[in-house]
Structures are given as structure tokens and as C-alpha cells.
Amino acid sequence: MVIKTRLITAAALCCGLLFSVAASASRLIPIEEAKNTPHASLPLPQYQGGTLSLQSVNDQVLLVDFWASWCGPCRESFPWMSDIQAKYKTQGLKVIAINLDQDKNQALNFLKKYPPGFTVLFDNKAAMPDRFGVIGMPTSYLVDREGRIRAVHTGFHQDQLGNYEQLITQLLAENKD
Amino acid sequence: MAVAVTNTMKKNHELAKILAAASCALVGGLSTAHAEESWDVDSAFLLYSESDGRVSAAEPVISATRNYDSETSLNFKLVADTLTGASPNGATPSDQVQTFTSPSGNGSYSAAAGEQPLDDTFRDTRVALSSNWAAPINRDWAYGVGGYVSKEHDYQSLGVSSSLSRYLNQKNTTLTLGLGASSDTINPEGGVPTGLFQVPEDASSSEFTQRNDSESKSIMDAVFGITQVVNRNTIMQFNYSINTSSGYLTDPYKILSVIDDDSTGNNYGGNYTVNNRNVYLYEKRPDSRLKQSLYWQTKHQFENNDILDVSYRYMFDDWGVTSHTVDAKYRFRFNNQYLEPQLRWYTQSKADFYSRYLDSSAYTEVDFASADYRLGDLDTYTIGLRYGYQFADETEFYTRFSLYHQESSGDDGYGKLTSQELYPGLDAAMLMVGYKF
Amino acid sequence: MSKRFVLLSLVGVVITTTGCSEMGVKAWERETLAQQEMSLINEPVESSLNDHVYFSKEASSGGQGFGGGGCGCN
Amino acid sequence: MAFVQHSTPKLMQKLTIEASLNPNQHAAPELWSEGAPCYRIQFECMASDCSMLVESHRVDLVIEAAKKAIIEAWRIENTFSRYQSDNTFAVIHSQPNVRQTLNQETAQLMLFAHHAHQVSGGLFDITSGILRQAWRFNGSDKVPSQEQIQALLVYVGWEKLGWSPQHPDQLCLPQGMELDFGGIGKEYAVDKMLKLFLSIFGDVPVAVLINGGGDIACSGPRLNGQGWRVGIESLAADHTSDQVISLSSGALATSGDSRRFLLKSGVRYSHVLNPLTGWPVENAPRSVTVAAPNCVNAGILATLSLLQGNHADAFLKSLAVPHWIHPTNT
């Protein structure tokens, strides 16, 4: 009898956990509350050659994604970022994936295996992520045409892709007026 | 008018956004990305063999894990094992031939003079299935739930477990609370013997005929742990765990010898006899046990990619057992191979009621007694070597060979008993072969 | 002797955990920790086979751990 | 709508699709070569001629992806068809007045219909299909009586459904009411086809445009970086294309049909019905084509603009979406 009640307590605990999972839908940060992109003037070497700073990209919506070759969800996000870049290029979206591998060679090997359909920059000394506030891998930031951070996503979750894309389309539409 | 137009514009703009979002949700975005969902299987086979023809075991295990994403997984594990051989029954060796009633009461086995009494009717097959589901709740919390069932011909166990983890400090610290409960049923061959009763000659005795068929026990577990990332190459864990068992905790097949302690007689130190029969008693343990342990583990990767894994456990319980365990592994890593020497040292002090034998003058007065060497003073050592080869398709073959050595010690007895080997050592060899795919 | 030991270990745990906030790494510094080999129980099958052997040969069992640490990927 | 073609097409093969995956017994799709690496696949679906234009150097993947996409289109057609006895549509309607659990796909469609209903102020309503029992747009002059319409309107109205967006898979359908997914089904099928098609190719370069009877979605620009040339069909009898646009991303959808109308006492009644009144929308354009990121989105905007009647153009202009309108002509 004693064991029974204990088992029930354990089961109750499990159920409580399962039902506490909450869905969250994210929205754009209002312009008044949005912060400017840090380190916007810092030029970083580009995989495709030359260097690029975030502020040198004019009048485009940016998806700035921090990633590393050893991070599984980052790998999963690559095809999606290629797709989204192709789909919204004409409407002014630029996907910039900033690599944070300590060893750049590992990133180069990775990129050979998974060719990116978007811009890749190297920040192998990790100058950028601290002030961006990266607390997980990958973390991506949606930057509007005025250089303000309007959305942050930590992680890459298949079930939130619709939501990511919706925010991008909203941001692309915003400054067209 | 101008205001009205602007309002309509705004409203329609909002409308367009909602429809864009709704259509994206309906079509499910455009992604061609595939989550890396697959079954990872680890299958292994263990051969365990004790020296002097004691227990040998064959144990195949297959574990399959489905990873839904980096944090969500479902695992199933199936283990089977078959044991054969002989196991010490708890009686002391003697200068006479000893004959023992088999556990079922329907036969007997004997030990020659000076020989360890081994119960060679020992034979068992076990099948166990366990399953575990682990998933995040949100960025800061994760949980796991699991179940376990195992069956052998005289033992069944059913358990559940759950865990809750909280990530702190940018996932550098993880607090975990784990809870487990299990309910076991024992239905020994020949029924449940009465503790500290004399082992009868055969199954016709009332001790046999009045036995219960089965007994049960329940176990509750709680673990509280902290996992801490120390630096880029080092991770550490501390656990405190508490485990309570209650119910039938006795080993129904273990007995004790009663030794004649009449120093004036000529059987001093020999088996105590009543009606010309040696007196052996069924062992009896308390019906509850509270164990607590502290566990520390550290893993460190060196500049050359080798990995050192060290752990220490201190355990103590209300039976008076305390133990220390140190386990160390060092993995030399080459391109697609590794070599891992392993060392383990374990020492325990005996339980309060452990007794290698009972004195004839006092055996009727004890409350609990067991001569099971596993509750005595014990030191064990394991030395092993594991080798693994990773193929280009990320499958892995591995093998491990290890030697296990046990040394028991304790009171050497008196009279004739002093010439007997009361604390024989044990050596076992283990070979494991496995494949991950 | 054993009681004192317990006390010492507990003190050890407390000291180490209060020092935790200064330990740790940034999300992008987990390259090594992300390796499967660096998880605390990286060979669960071997561990479970060992546990089974030691469980049936010794008076102590359990106490070992579970996950934590790792890649910190989200 | 038509595509501007240049080279002479050549029939390469008919694609064989297992009969069980072709429940409506469509003719086998045809694979045409338009001069490597361009291919065209012709197939039937939802009573329309449909096609896919593909640019790829991997003809094996083209065939595999095309088959998968066509099977998906036929599945959607069959699932929501009003003329089957054993499909999802039939199952839903066979259980009136009880709470039933919808499958995930239907629940998603319901959510979409809900959003469209909300933002259109009730003008878009998938329960309004039943009004077609009174209105038959076959060029005749049979205008139903107000009593007839009134009797049907009892069974029209999204809010009469026992359904809420909080539990999109729970539905209680009042007796006599009907859900009509036809208004979004074709666009939905086109988007799903595109998604499935691209998933077969993975990282292999490909450009594809899918035309589901005038509703179009493309994967992006063609392999040479140029847009797809799409002609927006003239309503003139000779079908000469009067406008050619370049589509390099997203989708196009058209609403309106010159062949479906009622003419009575000089008034041309469009086939677009206002679910609030039960009457056709007056002065609606004859057709509207809208460009949007996906076909479902383009389709709903085109439909909503038709419901605005003669404000269609202003409506679309306020949304700042690219669009092409054929005005009402009498």
C-alpha cells in the first residue's frame, strides 16, 4: 500500500511536467524598444572573399546567425537559411551567418560539406557574440533596414519555422511603405 | 477623410500580415531542412566467468535511442542474461563432508572436507526491458521519465523513474532531481524460508510446508545532483542520493553454519550438531535499509584530446556498511581509434549483523544474521582495457577485457575452524564486445 | 571517522557550488564539451553492464549520475 | 494564364503512378523535354490542366520529385473533394451535431479559414458553398428568389460552427451546414507540391515552377538567375496573352472567371457570393491576379479583393501587393 501511494506521487509529478509545456509565439520588438546592432562597423573576413561589416549592408533586412561547426542544431539550420535567402532575396533579405569556431579550419571543412547559400563571416576570436548577448547556439537576430535588432531566436526548432518566416516577411514588408 | 484613409491602410496592412502568417503556418514554411531523426543502436555482449568453475554469465544487451533533436530522445533497452554455476551458500568449510538440503527441499548437495560449500543448483535467466524519454520543457528546464520491468523465474521487478533538471548560469550549471520507485516480488524455489530457522532435512518438514510462496520489497530512490562546467575542457558532477528499501531484503538461498563453541569439548570449532545433524540456519536481514551516497565525477580533456574520467563514491547505510569506490579511466584517442585503460578500487566495511558463522551458545538469541560475503569486509579491484574503432560511416566497434578480483576478510574463528579457509578470494574475467550503429 | 568524512565532503560540495557562478564557459566555447565522449556517462551500455556485475557482487550500488553540461545547443 | 514557350517540346515518357495513389483515375502525367536541362510535366488535377516547369541536370530526381508532388496533389484533391463517399470531407459531413476530432491537416485548414474570415469581416466564409444550390452560374438568367436564398442562409455562417481556434481539431458541425475547402484547396495543393518537390532535391540545384490551373508557385529564379516568364491571359476570345511578367520568387494566384456568371436584365452577376447577403458581389472585377510569397497567400488576397467589388483595386493597392486586374466589362 505504501508503495502504491508513492508510485502515484511519482506519476503525478511526471504528468505535471508534461502539461506545463507552454507554447510561445514570438513577435517583433517594437521600434521604440529596439536596440541598434552592436559592432556594426567591425569588418569580418567573409567566406566568399573580402571582408564585410554589418553596417555596410544598406537598406536590407538582415538575419544575423551565430553558429559553430560542432553544434548540431546549427547544421540543421543551414538548408533552411539557404532557402530563406533564395526566397526573399529579391525583397531585400540578407542572411549573414557568423562562425564562432575557435579553429577556422573546422569551419572551412564544415562549409565544404554543407555549402551555404548565404553570406558567411568568420569571428574566430569571438569579438561579436558577447555584446549581442548570445547565450546558446545557434542564436539568430533579425535586423531591420534601419539596423535595429527586432527579434532574437535561440536555437533552431523545426516547429517554429513558420513563425521565423512570418517575422521575416513582416520585417520585409515594414519599410516598404 | 485623410485620417480615414490612413486607418484603412493600416487595417489592411494588418490584414495582409495576418494572412501572410496564416498561409505560412498552413503551408508549413518552405523548409527543406530535415531534422536528424534516426535510431542510434548500441549492441553489446558480455561474457563473465569466475575462476574455479563458479558463476559464469552471458549477457547480451541492445539499446536503441531515437534522437528527435539535440535534447529530445527516446531510449529502449533490452537486456537478457543467463547465469550458470555455483555460488557460496554461506556455510563455512569443515573438516568433515557436509551435506545440504537444496533450496527446493527436493534434493541435496554436498561439500567435501575443507571445501567451500557451493550451491550448484544456481541457474537463472533474466530478461529486462527499460525505456526512457527525455525532453526539454523550455530553455531552462528539462525532464525525463522512464520505466523498467525485469523478470527471472524467481524474481520480478517493476519500476518507474522521473527527473527534472534546471539549467542555470547559461547552462553551465545543471541542477537535477531524480526520483525512482520500484516494486519487486521474490518467489524463491521451495517458498520463502523462515529466517534464522534451522534448515530442515527435506521438503516434508513443516518449515517447508508452511512457507509463503512469495515476498515483496519496495525501493524508493532520490538523487539530487549538480553538474558544473568548469572550463572549456572540464566538467564535474556532485550527487547526493538516498535509497530506502523495505520489505523482504533477505537472500532466501543463503544459510549460516552454527559452530560448536564449547572449548572443553572435542568438537570445538567444528559444526554444531543436534540429533546427529549439522545445524544450519537460514539467514535473516532487517526489513528496511536506508542507503545514502555522495558521488563526485570529473571529466577532463587534455590538449592532445585524451580524456580522463575519474569518479569517487562514498556510501553508507543503516546496516553499518560504508564503502568507498574510486573509478578512473583514461582514453587515448587516435584518429579513428581509442584505447582506454580502466582501474577501479572498492572497499566496504561489514554490516552490523554480518557474521561468518554463529556460535552454538548464542545462536538462538540473535535477531539478524547473514554470512553473505557481500555484506562482509571486502576489497575489490578491477583492471580493464577498452579498445574502439570508428568506421568512416560513424559506426563503432569496441571491445573490453577486464579482470575483477575480490578479497574478503574477517574473524578467523576458533578451534578446528581456524584451519579452514573462511574468506576465499574471487577472480573473474569479463569480455565485452559491442557495435554501435 | 566516517561521519567526519561525510561532513568534509558536504563542505566540499558547498564550497564548490558557491564557486560555480565564476566557473563555466560561453555558449560558443563548448566545442570540446559538445563531444559525445565528454558527456558524463558516455558509454551507457558499458556502465549498465558494470553496474549489474557490481550490484550482484558488492553491498553498494547506484549513486552515479546523469546528464548535464554538453553542447549547450538550443 | 500561359507560359511563353520557345523551343519545340518533345514527349519523353509517361510517368507511371500506382493506381492506389491515383484515386480519381487521372491520365498518366507526361514528361516533356523542352531542351535540356528544361523539362515540363503535364498532369490533370482538380479539373484543370496542370504543369511543372523544371530546370535540373538530374532527370532522375526530376521524375522522382514530380511523381511525389503529383501524388500529393491527387491526395489533397481526393481528401477534400465533395464528390467522394469515403474521404475526409465525407467523414466530417457524416457526423453532424456531434463533437468530432479533425486530423491535423484539416485543423490547419480550419485555422487558416478562421483567420481569413476574421480579417475579411466575414466576407470570406467556407460555409457559404451551400449557396450554390440556389445560384447556378452557367450564363443563364435564372436568379433565385429571396426566399430561396433566405432558406439557405440559415446554414451559412462561420460562427455557427462549433469550433474555436483554441482547439482547432475539435469540431461540431450543425446539421445541414457544409464546409467547402474548394476556395483554398488548389492553392494549398500547389504550395504543398512545391515544398515536397524541393525536399527531394535537397542541396542539388534545381529551379521549378508549378502551375496548378493558373495558380502558380516557383522555387525562386531560374538556374540562369532570370525570372520565369508568365503570361497573364487576356479575356479575349483568342486567348492571346496581353501581359507577360517575370516571376522570380513566390507565387501568383488568380480569382474570377469570365465563364461563370449570370446575366439578367443587363446586370452581370459574378460568381463571387457575399455570404452575409447570399447575393453575388456586384461590379466585381472579372479576374484578379495577385503575387505573394506563397500560393495560398496570393489566392486568399485575390479572393478577398474580388469580394470588395469595385473597390478591389484600391484594396490591393492599400496592401502594396503586386496585382493585375481585369475590370468588369459589360
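Taken together, the values in this text are just the output of simple stated rules run on the coordinates, not laboratory data. Fair warning: this is a prediction, and the values are worked out from it, not measured in the lab. Don't worry about glycine lacking a Cβ; one is built from the backbone with ideal geometry, like all the others, and counts go over all protein chains shown.
Just how far, in whole angstrom, is the range B:168-242 from the range D:286-330 if you go by their alpha carbon centroids?
Cα centroid of the range D:286-330 versus Cα centroid of the range B:168-242: 71 Å apart.
Once you compute Rg and the Kirkwood Rh from C-alpha atoms, what is the Rg to Rh ratio for chain B? Walk me through the numbers on the way to the answer.
Working: Rg = 29.2 Å, Rh = 26.0 Å.
Ratio of gyration radius to Kirkwood radius: 1.12.
Could you check the simple spin-label distance between B:Tyr381 and B:Asp120, using points 7 Å along Cα→Cβ, in nm with one decimal?
According to this spin-label approximation, the distance is 3.1 nm.
If you take all C-alpha pairs in the protein assembly as shown, what percent of them are over 49 Å apart? Show your work: numbers first, answer last.
Numbers: 225788 of 517653 pairs.
Summing the P(r) of the protein assembly as shown above 49 Å gives 44 percent of all pairs.
For the range B:175-187, in order, what is each residue's ³J(HN,Hα) by Karplus, 6.51 cos²θ - 1.76 cosθ + 1.60 with θ = phi - 60°, in whole Hz (x at glycine and Pro)?
Values, residue by residue: 9, 10, 10, x, 10, x, 9, 9, 10, 10, 10, 10, 10 Hz.
Tell me which GluC sites (Glu not before Pro) from the range B:324-411 have a DSSP coil assignment and no more than 16 other beta carbons within 10 Å of their own.
Details: sites: B:Glu365, B:Glu394, B:Glu396, B:Glu407; in loops: B:Glu394.
Here the GluC sites (Glu not before Pro) that fit, given the DSSP loop and packing criteria, are B:Glu394.
How large is the helix-only mean residue ellipticity at 222 nm for the protein assembly as shown, computed as the sum of -39500 (n - 2.57) over DSSP H runs with n ≥ 4, divided by its residue count, in deg cm²/dmol to the nearest 500?
On the way: 16 runs with 217 residues, N = 1018.
Value at 222 nm, helices only: -7000 deg cm²/dmol.
Counting only other residues whose beta carbon sits under 15 Å from that of B:His153, what net charge do I get with K and R as +1, D and E as -1? Could the numbers behind the result be given before it?
Working: positive: B:Arg123, B:Arg126, B:Lys151; negative: B:Asp81, B:Asp124, B:Glu152, B:Asp154, B:Asp184, B:Glu189, B:Asp213.
Cβ neighbours under 15 Å give a net charge of -4.
What nm distance separates the two modelled labels at B:Ile18 and D:Ala320, each placed 7 Å from Cα along Cα→Cβ?
For B:Ile18 paired with D:Ala320, the spin-label model returns 2.0 nm.
Please give the FRET efficiency for B:Glu407 paired with B:Asn276, using the beta carbon to beta carbon distance and R0 = 35 Å, rounded to the nearest 0.05.
Efficiency, from the Cβ-Cβ distance: 0.45.
For C:Glu37, put the label point 7 Å out on the Cα→Cβ axis and report which residues of the range B:338-367 keep their amide N under 13 Å from it.
B:338-341
Please find the FRET efficiency linking D:Leu223 to B:Ala222, where r is the Cβ-Cβ separation and R0 is fixed at 56 Å, and quote it to the nearest 0.05. Please report the intermediate quantities before stating the final value.
On the way: r = 62 Å, r/R0 = 1.11.
Given R0 = 56 Å and the Cβ-Cβ separation, E is 0.35.
Taking each residue of B:220-232 in turn, how many C-beta atoms of other protein chains fall within 10 Å of its C-beta, and what is the average? Write out the running numbers ahead of the final one.
Details: counts 6, 2, 0, 5, 0, 7, 6, 7, 8, 11, 8, 6, 9.
Per residue, the average neighbour count from other chains is 6.
Indicate, rounded to the nearest 5 percent, the antiparallel portion of the DSSP beta bridges found entirely in the range A:27-174. Before the final figure, lay out the partial values.
Working: 15 of 26 bridges.
Roughly 60 percent of the beta bridges in the range A:27-174 run antiparallel, per DSSP.
List the residues whose amide H sits under 5 Å from the amide H of A:Ile96, counting only those 5 or more places along or on another chain, with H placed 1.01 Å from N in the peptide plane.
A:Leu63, A:Val64, A:Asp65
What pairs in A:Lys94/B:Lys17; A:Lys35/D:Lys317; B:Lys151/B:Lys291; D:Lys160/D:Lys195 have C-alpha atoms more than 30 Å from each other?
Over 30 Å apart, Cα to Cα: A:Lys35/D:Lys317; D:Lys160/D:Lys195.
May I ask what percent, to the nearest 5, of DSSP beta bridges between residues of the protein assembly as shown are antiparallel?
On the way: 272 of 287 bridges.
Antiparallel bridges make up about 95 percent of those DSSP assigns within the protein assembly as shown.
Averaged over its residues, how many other protein chain Cβ atoms are within 10 Å of peptide D:287-298's Cβ atoms?
Working: counts 0, 0, 0, 0, 0, 5, 13, 10, 2, 8, 10, 2.
What the average comes to for D:287-298 is 4.
Would you please give the FRET efficiency between D:Val59 and B:Ala392, computed as 1/(1 + (r/R0)^6) with r the Cβ-Cβ distance and R0 = 35 Å, to the nearest 0.05?
Details: r = 30 Å, r/R0 = 0.86.
For R0 = 35 Å, the calculated efficiency reads 0.70.
Non-local amide H neighbours of B:Leu358 (under 5 Å, H modeled in plane, Pro and chain starts lacking H): which ones?
B:Ser257, B:Val258, B:Ile259
Could you list the GluC sites (Glu not before Pro) in the range D:17-97 that lie in coil according to DSSP, counting only those with at most 16 other Cβ atoms within 10 Å of their Cβ? Could the numbers behind the result be given before it?
Numbers: sites: D:Glu18, D:Glu30, D:Glu34, D:Glu44, D:Glu55, D:Glu64, D:Glu72, D:Glu77; in loops: D:Glu18, D:Glu34.
Passing both the DSSP loop test and the Cβ count: D:Glu18.
Exposure proxy check: D:Leu153, B:Leu403, D:Leu273 ranked by fewest other beta carbons within 10 Å? Spell out each step's value before the answer.
Numbers: D:Leu153 18, B:Leu403 13, D:Leu273 24.
In order of increasing Cβ crowding within 10 Å: B:Leu403, D:Leu153, D:Leu273.
Give me the one-decimal nm value for the distance between modelled label points at B:Leu168 and D:Gln100, 7 Å along each residue's Cα-to-Cβ direction.
In this crude spin-label approximation the distance works out to 5.3 nm.
Apply the Karplus curve 6.51 cos²θ - 1.76 cosθ + 1.60, θ = phi - 60°, to the phi angles in the range A:42-59 and return the couplings in whole Hz, x for Gly and Pro.
6, x, 10, x, 10, 4, 7, x, x, 10, 8, 10, 4, 6, 6, 8, 8, 6
Tell me, B:Asp124, B:Asp42 in order of fewest to most beta-carbon neighbours within 10 Å? Working shown, then result.
Numbers: B:Asp124 14, B:Asp42 21.
The order, fewest Cβ neighbours first, is B:Asp124, B:Asp42.
Long-range amide H contacts for D:Trp228: which residues qualify at under 5 Å (H placed 1.01 Å from N, peptide plane, sequence gap of 5 or more or a different chain)?
The list, which skips near neighbours in sequence, is D:Arg222, D:Leu247, D:Ser248.
Figure the gain on full extension for D:Val91 and D:Ser265 (residue separation times 0.36 nm, minus the Cα-Cα span) and round it to one decimal in nm. It would help to have the intermediate numbers written out before the result.
Numbers: separation 174, 0.36 × 174 = 62.64 nm, distance 4.20 nm.
Taking 0.36 nm per residue and subtracting the Cα distance, the gain is 58.4 nm.
Find how many whole Å separate the alpha carbon centroid of the range A:60-139 from the alpha carbon centroid of the range D:172-193.
So the separation of the two Cα centres works out to 39 Å.
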